Amino acid sequence: MTQPTPAIAVVLSGCGVYDGAEIHESVLTLLALDRQGAAYQCFAPDVDQAHVVNHLTGEESPESRNVLVESARIARGAVKPLSDYDADAFDAIIFPGGFGAAKNLCSFAFDGADCTINPDVEAAVRATHAARKPIGALCIAPALMAKIFEHAEVTIGQDEGTAEAITAMGGQHIKTTHGQVVIDPRLRLATSPCYMLDSTIGQIADGAENTVRTILEMVAEDRAAA
């Protein structure tokens, strides 16, 4: 009997590395899912961005933007409010990085280890974990997981300051380089550093592809055991 196509939720945090989802990481994650035989649905919280950054100058811009609306740029309009996420309808969930993950999905960029998590983000992650389904996180997004889950084993590459904050939140940080994936089997969590390292777009593709492959292998194991 043919198994149904894996359905993966991808959580975006806006559009643009400095104030939203990292576009390369997001698009390459979607590409990896498609090429590895999975279907995906994008989600984003329906909230205002923490702030808006001019990506040409790097300066803050005096305007307001909505995370869901901006995420629709990457998703070509096919994005749903994260409050609509139903863990029972998906086989796994993946979080690309970008400063939006640390500014809009939580307050890690501003508050470090004392950060708070967006309620819809925490609800989605905890519901996925409660269903014993895999969770993926790229770049800075693993810091979210260290805040949500006690003793989470994650990687953000080799940045000492971020690693120290993860340790302060009760997590365990594992140093990695390009394309490597850290698996926490207890949490069914797969993380990879991507642009937390000085990377080429090809190396970002490696990280996204390897993380997606790891997640889909977990999904296949779940189906085999069912």
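Just so you know, all these numbers are worked out from the coordinates, no wet-lab data involved. On a predicted model such as this, the values are computed, not experimentally measured, just so you know. Note that each Cβ is placed from the backbone with ideal geometry, even for glycine, and that neighbours are counted across all protein chains shown.
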Summed over the other residues with a beta carbon less than 11 angstrom from that of PHE99, with K and R at +1 and D and E at -1, the charge totals -1
Return the lysines within reach of LYS133: Cα separation strictly under 22 angstrom, same-chain partners fewer than 8 residues apart disregarded; answer none if there are no such residues.
LYS80, LYS147
For ASN66, enumerate residues with amide H under 5 Å from its amide H, sequence gap 5+ or separate chain, H modeled in the peptide plane.
GLN49
List the residues whose amide H sits under 5 Å from the amide H of GLY98, counting only those 5 or more places along or on another chain, with H placed 1.01 Å from N in the peptide plane.
GLU22, ILE140, ALA141
Once label points are set 7 Å from the Cα along Cα→Cβ at both SER64 and GLU164, what is their separation, rounded to one decimal in nm?
3.6 nm
Determine the distance separating the Cα centre of the range 155-205 from the Cα centre of the range 16-87; give it in Å without decimals.
20 Å
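Where in the chain are the helices, taken as whole DSSP H runs, whose Cα atoms extend 27 angstrom or more along the long axis and whose Kyte-Doolittle mean reaches at least 0.0?
Flagged H segments are 201-225.
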Taking the simple approach of a point 7 Å from Cα along Cα-to-Cβ for both ARG213 and ASP111, what is their distance in nm?
3.8 nm
Enumerate the calculated ³J(HN,Hα) couplings along the range 134-139 in order (Karplus 6.51 cos²θ - 1.76 cosθ + 1.60, θ = phi - 60°), each rounded to whole Hz, writing x wherever the residue is Gly or Pro.
x, 10, x, 8, 10, 6
Between GLN172 and residues 5 or more places away or on another chain, the pairs with built amide H atoms under 5 Å apart involve ALA152, GLU153, VAL154
Would the range 156-226 count as rounded, prolate or oblate if I go by the C-alpha gyration tensor, calling it rounded below 1.5 in a/c and otherwise prolate when a/b exceeds b/c, oblate otherwise?
oblate
